[in-house]
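Only one structure is covered here, and it is reproduced in the block below.
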Amino acid sequence: MFDDTLRLFFALPCPPEQAAAICAWRDEQAFDGRAVPQDNLHMTLAFLGAQPKDRLDALLAIADTLQGTAFDLVLDRLASIGKGFVCLQPSATPAALLSLVEALDERLAALGVVLDSRPFLPHLTLARQARSRPSAPAPDFAWRAERFVLYLSRNTADGPRYDELGSWPLLVP
Ligand code: ATP
Ligand code: MG
């Protein structure tokens with residue numbers, strides 16, 4: 001069937017070095033559930049869902065207008081959220097992260113994009129469909145968030161894949 005939409009979301013990509021460290025640690029834990037592939041580690045900023053293809057240029061343009069600042073993202077909490085999502089979370093949400101999400105939400109709303117009504121919950125998913133809660137001690141992973149991206153989410157035979165459609169710098173404050 002011909003599909004005229006793209007499944008899109010804005011996110012902070014987890015840099016490869018931190019993704020490797022996080023996955024090495026994750027794989028030592030006895031989490032049950034389906035491990036998220038290393039290349040897919042990210043923090044969602046705004047989930048757009050299925051968007052008409054002809055809206056892509058406008059979405060890229062709004063990201064061009066954002067003046068986000070760089071920040072340190074410290075993921076020092078291990079939690080189970082939603083339906084069996086094992087996640088890393090920041091115990092303190094950086095103000096620059098909240099500002100970035102708010103600015104994105106505002107511009108997306110102005111474009112008529114309907115976002116999930118649930119409040120922003122910063123998290124990086126490590127595993128899905130876990131039946132038990134993780135009991136490992138909280139790790140302490142961190143990276144400097146210096147860019148955000150627009151991802152196209154695609155289902156492939158190897159599972160979900162995210163392709164970067166755009167990348168924007170977060171400026172040094
Ligand atoms: P799949 O759903 O095929 O297992 P996935 O969850 O990795 O793959 P998407 O469903 O496209 O891929 O989701 C991309 C990102 O957006 C993930 O971080 C996901 O948790 C988040 N997301 C998905 N749906 C929503 C939603 N309704 N509200 C907020 N975030 C969402
Ligand atoms: Mg999903």
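Given the C-alpha centroids of the stretch 110-142 and the stretch 53-78, what is the distance between them in whole angstrom?
Result: 17 Å between the Cα centres.
Run the numbers on the stretch 125-173 and let me know its relative contact order in percent, using alpha-carbon pairs under 8 Å that are six or more apart. Can you show the working numbers first?
On the way: 39 pairs, mean separation 15.2, N = 49.
Over the stretch 125-173, the number comes to 31 percent.
Which value in Å does the Kirkwood hydrodynamic radius of the stretch 59-173 take, with 1/r averaged over all unlike C-alpha pairs and then inverted? Present the calculation step by step, with values, prior to reporting the outcome.
Numbers: mean 1/r = 0.0625 Å⁻¹.
About 16.0 Å, per the Kirkwood formula over Cα pairs.
What is the list of residues in the stretch 154-173 whose amide nitrogen lies under 19 Å from a point 7 angstrom out from the Cα of residue 57, following Cα to Cβ?
Residues 165-167 fall inside that zone.
Given an 8 Å cut-off on Cα distances and at least 6 residues of separation, report the relative contact order of the chain as a percent.
Details: 325 pairs, mean separation 57.9, N = 173.
Relative contact order of the chain: 33 percent.
Residue 49's amide H: which non-local residues (gap 5+, or another chain) put their own amide H closer than 5 Å, with H modeled 1.01 Å from N in plane and none for Pro or chain starts?
Here 8 satisfy the definition.
Considering only protein heavy atoms and a probe of 1.4 Å, how much of the accessible area of the chain is carbon and sulfur, as a whole percent? Before the final figure, lay out each step's value.
Numbers: 4840 of 9530 Å².
The nonpolar share, carbon plus sulfur, comes to 51 percent.
Roughly how much of residue 4 is accessible, in Å² to the nearest 10, using a 1.4 Å probe?
It works out to around 90 Å².
Might you tell me the accessible area per residue for the stretch 15-133, computed with a 1.4 Å probe and given in Å²? Could you put the intermediate results ahead of the total?
Details: 6310 Å² over 119 residues.
Accessible surface, normalised per residue, equals 53 Å².
In the chain, with Lys and Arg counted as +1 and Asp and Glu as -1 at Cβ, which of these residues, 18, 137, 50, has the Cα nearest the positive end of the dipole, that is, farthest along it?
Ranked along the dipole, the leading option is 137.
Students sometimes get this wrong: rank 123, 42 by accessible area, probe 1.4 Å, all chains present, largest first.
Sorted descending by solvent-accessible area, the residues read 123, 42.
Explain nothing, just compute: Karplus ³J(HN,Hα) = 6.51 cos²θ - 1.76 cosθ + 1.60, θ = phi - 60°, for every residue of the stretch 157-171 in order, whole Hz, x for Gly and Pro.
Using θ = phi - 60°, the values come out as 4, 8, x, x, 10, 10, 9, 6, 9, x, 9, 10, x, 9, 7 Hz.
By how many nm would the segment from residue 155 to residue 17 grow when fully extended, if each residue of separation counts as 0.36 nm and the alpha-carbon distance is taken off? Can you show the working numbers first?
Values: separation 138, 0.36 × 138 = 49.68 nm, distance 2.51 nm.
So the extension gain works out to 47.2 nm.
Under the rule of at least 5 residues apart or a separate chain, name every residue whose amide H is placed under 5 Å from the amide H of residue 68.
171
Would you work out the relative contact order for the stretch 1-67, in percent, from Cα pairs under 8 angstrom that are 6 or more residues apart?
Values: 52 pairs, mean separation 35.9, N = 67.
In percent, rounded to a whole number, it is 54.
What does the charge dipole of the chain about its Cα centre add up to, to the nearest 20 debye, if the Cβ of each Lys and Arg holds +1 and the Cβ of each Asp and Glu holds -1?
Values: 16 positive and 21 negative charges, 110 e Å.
For the chain, the charge dipole is close to 520 debye.
The values are calculated or read from the model by the stated rules, or taken from the named source; none is laboratory data. What you see is a predicted model, and the numbers here were worked out from it, not measured in a lab. Because the Cβ atoms are built from the backbone with ideal geometry, glycine has one as well, and the counts that use them run over all protein chains shown. Only protein heavy atoms, including side chains, enter the accessible area calculation; ligands, DNA and RNA are left aside. Shrake-Rupley method; radii C 1.70, N 1.55, O 1.52, S 1.80 Å.
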